[in-house]
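Colleague: Quick one: the structure is below, and I'll ask about it shortly.
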Amino acid sequence: KFYSNVSSIPPLQFLNATQNAWETFSKLAGCHIGENINGLSKLKQYFRRFGYITGTNNCTDDFDDVLQSAINTYQKNFNLKVTGKLDSSTLRQIVKPRCGNPDMIDGVSEMNGGKKLRATER
Amino acid sequence: YSFFPGKPRWPKRKRDLTYAYVPQNNLTDEVKRVFARAFTRWAEVTPLNFTRSESLLGADIVIGFFSGEHGDGEPFDGAMGTLAHASSPPTGMLHLDGDEDWLISDGEISRRVLPVTSVVDLESVAVHEIGHLLGLGHSSVEDAIMFPAISGGDRKVELAKDDIEGIQHLYGGNPNGDGGVSKPSRENESTGGAGD
């Protein structure tokens, strides 16, 4: 649907009723390494889609070092405080609409000032 | 700014690029004007020219709106989430998510934040995806067009210094204008520049 201007948007949409699959990531706030939380597998799929996780391992609900490494790299790329944790500012960024092109290709990122970063699996 | 691996770009003989719309979308002239404006923003700072073609046959760039799975292995995910994707040169595919509510803004406004988060500014996304079509990857500079994310309702259509430096590294500046930065800043010109 195309709207020519703001006033043509139906009133219902002023409710900010955005529902997308990524909104569910918000409930993962505070998760940390070592935990097994329902929903982390979807987050791993998100990171895999955008190039932060490579390889063919199963996306489990374990908060493992693969996920932590992906979060670290994501935080660097998006100028967030690098904590390796699912803090609120990181999750706010993750759920934003975005381009479908990956940020990293073959585990290499040239974002963040051209610094080469690698997400590795152990 | 960043580039795709191998730094692909349109070859030097291809400075005049044509683009066409998938006919099944039946886009209005108003929508087509949005893309024309988006192409102009990149043309102003490079030696590239963009011309609309009525035919898909032979067009360098093909633009289309699609929903869900659409044959390239990168299905769209409904409203919000991923908004669009584009290929690196010289493939020329620009796909936008047909399930979004797209806002066709006034071309006069360059920056805006709306309280409506469920609509996406079409020109903002178009300018970003054209950056990919020309060879730019994502940038960590939040003000840059090539930053990967945009909030619903936001409008960001003006190229930032980072975008201009990146694209001019690949193609050089616009010989007919002062289109911003004109000298590659990250690497020696002999390794980048506008050569083939």
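Colleague: Out of segment B:127-158, which residues are at positive phi and either out of contact with any helix residue (DSSP H, G or I) (no Cβ under 8 Å at 6 or more places or on another chain) or buried (at least 24 other Cβ atoms within 10 Å of the Cβ) (or both)?
Modeller: Within segment B:127-158, B:Gly153 is the sole residue that qualifies.
Colleague: Tell me which residues, restricted to segment B:82-117, are under 15 Å from A:Lys96 (Cα atoms), crowded, with 23+ Cβ neighbours inside 10 Å and touching a helix residue (DSSP H, G or I) at 6+ places or on another chain (Cβ under 8 Å).
Modeller: B:Leu83, B:Ala84
Colleague: Here is a further query. Which of the residues belonging to segment A:11-23 are part of a helix (DSSP H, G or I) and either within 12 Å of A:Val95 (Cα to Cα) or at pLDDT 90 or above (or both)?
Modeller: A:Ala21, A:Trp22, A:Glu23
Colleague: Considering only segment B:1-14, state which residues are more than 14 Å from every other protein chain (Cβ to nearest Cβ) and under 27 Å from A:Ile105 (Cα atoms).
Modeller: B:Arg9, B:Trp10, B:Pro11, B:Lys12, B:Lys14, listed by residue number.
Colleague: Identify the single condition in (1) at pLDDT below 95; (2) under 26 Å from A:Asn77 (Cβ atoms) that B:Pro115 does not satisfy, given that it satisfies every other one.
Modeller: (2)
Colleague: Now for a different question. Can you pull out every residue in segment B:147-172 that is in contact with a Cys (Cβ under 9 Å, 6 or more places away or on another chain) and touching a residue at least 40 places away in the same chain (Cβ under 8 Å)?
Modeller: The answer is B:Ile150, and nothing else.
Colleague: Would you tally the residues in segment A:24-59 being assigned to a loop (DSSP other than H, G, I, E, B) and either touching a strand residue (DSSP E or B) at 6+ places or on another chain (Cβ under 8 Å) or not hydroxyl-bearing (Ser, Thr, Tyr) (or both)?
Modeller: 17
Colleague: Only one of (1) surrounded by 15 or more Cβ atoms within 10 Å (Cβ to Cβ); (2) touching a residue at least 60 places away in the same chain (Cβ under 8 Å) is not met by B:Tyr21, so which one is it?
Modeller: So B:Tyr21 meets the others, but not (2).
Colleague: Residue check: is B:Ala144 more than 7 Å from chain A (Cβ to nearest Cβ), assigned to a loop (DSSP other than H, G, I, E, B) and not acidic (Asp, Glu)?
Modeller: Numbers: more than 7 Å from chain A (Cβ to nearest Cβ): yes; assigned to a loop (DSSP other than H, G, I, E, B): yes; not acidic (Asp, Glu): yes.
Judged against the criteria, B:Ala144 is a match.
Colleague: For segment B:62-73, name all the residues that are at negative phi and loosely packed, with under 15 Cβ neighbours inside 10 Å.
Modeller: B:Ser67, B:Glu69, B:Asp72
Colleague: Further question: Taking segment B:36-51 on its own, how many of its residues are farther than 20 Å from B:His138 by Cα and touching a residue at least 40 places away in the same chain (Cβ under 8 Å)?
Modeller: So the count comes out to 4.
Colleague: Looking at B:Ala84, B:Ala59, B:Ala43, B:Ala126, which one is within 11 Å of chain A (Cβ to nearest Cβ) and not aromatic (Phe, Trp, Tyr)? I'd like the intermediate steps shown before the answer.
Modeller: On the way: B:Ala59 fails: within 11 Å of chain A (Cβ to nearest Cβ); B:Ala43 fails: within 11 Å of chain A (Cβ to nearest Cβ); B:Ala126 fails: within 11 Å of chain A (Cβ to nearest Cβ).
After applying the criteria, what remains is B:Ala84.
Colleague: Tell me yes or no: at least one residue of segment A:52-74 is under 13 Å from the mean Cα position of the chain (by Cα), within 9 Å of chain B (Cβ to nearest Cβ), closer than 25 Å to B:Met80 by Cβ and not hydrophobic (A, V, I, L, M, F, W, C). First the steps, then the outcome.
Modeller: From segment A:52-74, those under 13 Å from the mean Cα position of the chain (by Cα) are A:52-53, A:67-74; that's our starting set.
Retained after the next criterion (residues that are within 9 Å of chain B (Cβ to nearest Cβ)): none.
So far as segment A:52-74 goes, no, none of its residues is under 13 Å from the mean Cα position of the chain (by Cα), within 9 Å of chain B (Cβ to nearest Cβ), closer than 25 Å to B:Met80 by Cβ and not hydrophobic (A, V, I, L, M, F, W, C).
Colleague: Anything in segment A:48-67 that is under 15 Å from A:Leu91 (Cβ atoms) and either among the acidic types (Asp, Glu) or free of Cβ contacts under 8 Å to residues at least 40 places away in the same chain (or both)? List them, or say none.
Modeller: Result: A:Phe63, A:Leu67.
The values are calculated or read from the model by the stated rules, or taken from the named source; none is laboratory data. What you see is a predicted model; the values in this text were computed from it and never measured. With ideal geometry, Cβ positions are generated from the backbone for all residues, glycine too; neighbour counts draw on all protein chains shown.
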